[in-house]
Amino acid sequence: MLLAAAVQVQAARERVYPPGETTEDTVYIRSGSALRRLTGAYNALFADVYWIRAVQYYGGLKLQLDAKGAQPGMLEPPASIAADAFPALYPLLDITTTLDPRFNIAYRFGSVFLAEAYPRGANRPDLAIALLEKGLRERPDKWQYLQDIGFVYYWFRHDYKSASHWFQKAADVPGAPWFLRSLAATTLEQGGDRQASKAMWTTILQTAEVDWVRKDAERRLLQLQALDVIDALQRVVTDYSQRTGARADWPALVGAGLLRGVPLDPTGVPYTLSDGRVELSRSSSLWPPPEEPSAKGSPRP
Amino acid sequence: MRATAAIAVSVFRESVRDKVFYNLVLFSLLMMASSFLIGQLTAGQDVKIIKDLGLAATSMFGLFLSVFIGIGLVSKEVERRSIYSLIAKPITRAQLVLGKYCGLALTLAANMAVMAVALYAVLAYLAWGVPESTRAAWDAPALDPALMKAMVLIFAELMLVIALALFFSTFSSPMLSAALTFGLYVVGHFSGDLRNFQQVVDSPVAAAFARGLYWVLPNLAQFDVKSDVVHGVSVPIGYMALTGVYAATYIAMLLAIASLVFSRRDFK
């Protein structure tokens, strides 16, 4: 009875004086070693707590950034939040992996959270590589970490030479799967090529051990499929404009019998056509499309 | 022997009467609630986290049980004045100490057995229906028998903690006994630092003193293989055996001293 009354009083107080936003992202102790000492025999349990914090922080902040108007699809963070986008993510992951140095998923998912372009991640491939290298110091036999470093170089730095080097190192680890050797060769030969990317994501899809990775690979493949369709549509649009001298739009192209209807991307959202350019719609879950380098093997500065 | 067993059974019955086993209900509720919540929060690490949580909770619940009951084993008898009727019986004080110790160890064993069953049940629930491809990503199977190795070493560690609590309770107050036992538990987990003290101090005397403490104080860090087991790292049987022998030796020493101190104590 009294407990119910206390709940009512608290609810009334919160209506009159709303509580402030929680500042869950504050990492009071940033030294993993200090925490390792403090947590004694319960390191692994505290590593789990920090991992849950990292996952919640990443997911929560991503939602907040979207809500604040960080336009989905913006590949680079706006200057105002670029400097502090996901500021606590690396410290949380670093603490997690210091408390439990064998926390496999913290290295593998954590590096994806860090490397992904804004707003899907922290846009920090350097920290992603640092985290994976930390994992390698603990478990040099983990070819998956070497492979993941290769992916970071491939996707986020477009440094295909380094990517190939890391894939090769992964392939050299006893017990590593056969496809890494061919991945290293393909990357060196055709790095940045869409077909090579498709082959890579297909391999990831087929070998993924975790649902999250599998779904990500499926999404990447759909993006690449959409890019193929966009290229084909772009040719139709350009031909039409050159032939008629008129600005192309979907109804005109359908009317001219060039298309059967407004084209839809693999998720069922119509492609956009403005100023003669065909693009994925920003409301599509496939947005933003992957960056495709213009020159093969040119690393991102 | 028979007298010791009778005292042990009586301590066990008293624990049941004192509703000590209520902590098992709490443990089970904690495990079940966690299994539902953790899957939503952890990006596919629920099995690892449940194992960590289960082993840590087993160790923590066991620690509180060992310390708080251990410190009262002797002092309660003195406080209630029931010690007079006990020492008037044809039993030695050493038998009394050993019987009390065995009784609490029995209580702890029963507790831990139920906790192990609860942990395996929750893990079985989590693993049920999980596709083979996902299981392949786990460091160790959900129902890994190796978890029992961690449980056995936790039990050995807690047996040592009970011996410490009982030892302190033979000559000091319950509060002081609890503080000393907890203190030694913490120090015991940092004994590695004492061993390498010369790396942080210049004084050879201090380093030698720390090294001496390293050998004398109970080394509890060696009983902690929770992380290894959860990550599927093999814990050799030889390691388990040596750690078990260390625990047995240390417990025997503590009980011998406790018996000695207790037999010299004057209750007049």
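Checked against the criterion of being open to solvent by less than 20 Å² (accessible area, probe 1.4 Å), away from chain A (no Cβ under 14 Å) and either at pLDDT 90 or above or farther than 29 Å from B:Ala127 by Cα (or both), the range B:50-57 contains not a single residue that satisfies it. The lone criterion from (1) β-branched (Val, Ile, Thr); (2) in a helix (DSSP H, G or I); (3) open to solvent by less than 40 Å² (accessible area, probe 1.4 Å) left unmet by B:Val16 is number (3). Of all the numbered requirements in (1) assigned to a loop (DSSP other than H, G, I, E, B); (2) within 20 Å of A:Val213 (Cα to Cα); (3) of a type outside the set (Lys, Arg), A:Pro101 misses one, and that requirement is (2).
Taken together, the residues in the range B:24-49 that are more than 11 Å from chain A (Cβ to nearest Cβ), closer than 25 Å to B:Ala137 by Cα, at pLDDT 75 or above and open to solvent by 20 Å² or more (accessible area, probe 1.4 Å) amount to 1. Scanning the range A:97-112 for residues that are open to solvent by less than 10 Å² (accessible area, probe 1.4 Å) and of a type in the set (A, V, I, L, M, F, W, C), we see that the one that is modelled with the highest pLDDT is A:Leu99.
Residues in the range A:132-162 that are of a type in the set (A, V, I, L, M, F, W, C) and more than 17 Å from A:Gly175 (Cβ to Cβ): A:Leu132, A:Ile149, A:Phe151, A:Val152, A:Trp155, A:Phe156.
B:Lys149 - would you say it is within 21 Å of B:Leu260 (Cβ to Cβ) and assigned to a helix (DSSP H, G or I)? The answer is no for B:Lys149. Scoring B:Pro90 on the criteria (1) away from chain A (no Cβ under 14 Å); (2) surrounded by 15 or more Cβ atoms within 10 Å (Cβ to Cβ); (3) farther than 27 Å from B:Val20 by Cβ leaves a single failure, condition (2).
Quick check on the range B:233-242: of everything there that is touching an Asp or Glu at 6+ places or on another chain (Cβ under 9 Å) and either surrounded by fewer than 16 Cβ atoms within 10 Å (Cβ to Cβ) or over 18 Å from B:Asp139 (Cα atoms) (or both), which residue is nearest to the other protein chains (Cβ to nearest Cβ)?
Just the residues of the range B:233-242 that are touching an Asp or Glu at 6+ places or on another chain (Cβ under 9 Å), to begin with: B:233-235.
Cutting the leftovers down to either surrounded by fewer than 16 Cβ atoms within 10 Å (Cβ to Cβ) or over 18 Å from B:Asp139 (Cα atoms) (or both) gives us B:233-234.
Values: B:Val233: 8, B:Ser234: 13 Å.
The qualifying residue nearest to the other protein chains (Cβ to nearest Cβ) is B:Val233.
Is at least one residue of the range A:132-140 open to solvent by less than 10 Å² (accessible area, probe 1.4 Å), out of contact with any Ser or Thr (no Cβ under 6 Å at 6 or more places or on another chain), on the phi < 0 side of the Ramachandran plot and assigned to a helix (DSSP H, G or I)? Even if it seems obvious, please write down each step before you answer.
The first filter runs over the range A:132-140 and keeps only residues open to solvent by less than 10 Å² (accessible area, probe 1.4 Å), leaving A:132, A:135.
After this cut, where a residue has to be out of contact with any Ser or Thr (no Cβ under 6 Å at 6 or more places or on another chain) as well, the list is A:135.
If we keep only those that are on the phi < 0 side of the Ramachandran plot as well, we get A:135.
Checking which are assigned to a helix (DSSP H, G or I) leaves us with A:135.
Yes.
For A:Leu38, are the conditions met, namely being within 14 Å of chain B (Cβ to nearest Cβ) and at pLDDT 80 or above? Yes; evaluated as a whole, the condition is true for this residue. Within the range B:195-232, the set of residues being of a type outside the set (S, T, N, Q), surrounded by 14 or more Cβ atoms within 10 Å (Cβ to Cβ), more than 10 Å from every other protein chain (Cβ to nearest Cβ) and not in a helix (DSSP H, G or I) comprises B:Leu217, B:Pro218, B:Val225. Here's a check for you: in the range A:181-219, which residue that is modelled with pLDDT under 85 and acidic (Asp, Glu) is most open to solvent (accessible area, probe 1.4 Å)? If we take residues in the range A:181-219 being modelled with pLDDT under 85 and acidic (Asp, Glu), then A:Glu189 is most open to solvent (accessible area, probe 1.4 Å).
Filter the range A:99-139 down to the residues that are free of Cβ contacts under 8 Å to residues at least 40 places away in the same chain, aliphatic (A, V, I, L, M) and either within 14 Å of chain B (Cβ to nearest Cβ) or closer than 26 Å to B:Lys226 by Cβ (or both) and list them by number. Correct list: A:Leu132, A:Leu136.
May I ask you to list pairs of residues, at least six apart or on different chains, whose Cβ atoms are under 7 Å apart, with the first in the range A:169-180 being surrounded by 14 or more Cβ atoms within 10 Å (Cβ to Cβ) and the second being among the acidic types (Asp, Glu)? That search, which allows pairs on different chains as well, returns A:Val173/A:Asp141.
The values are calculated or read from the model by the stated rules, or taken from the named source; none is laboratory data. In this text, all values refer to a predicted model and were calculated from it rather than measured experimentally. Please note: Cβ atoms are built from the backbone with ideal geometry, for glycine as well, and neighbour counts cover all protein chains shown. Side chains included, ligands, DNA and RNA excluded: accessible areas come from the protein's heavy atoms. Shrake-Rupley method; radii C 1.70, N 1.55, O 1.52, S 1.80 Å.
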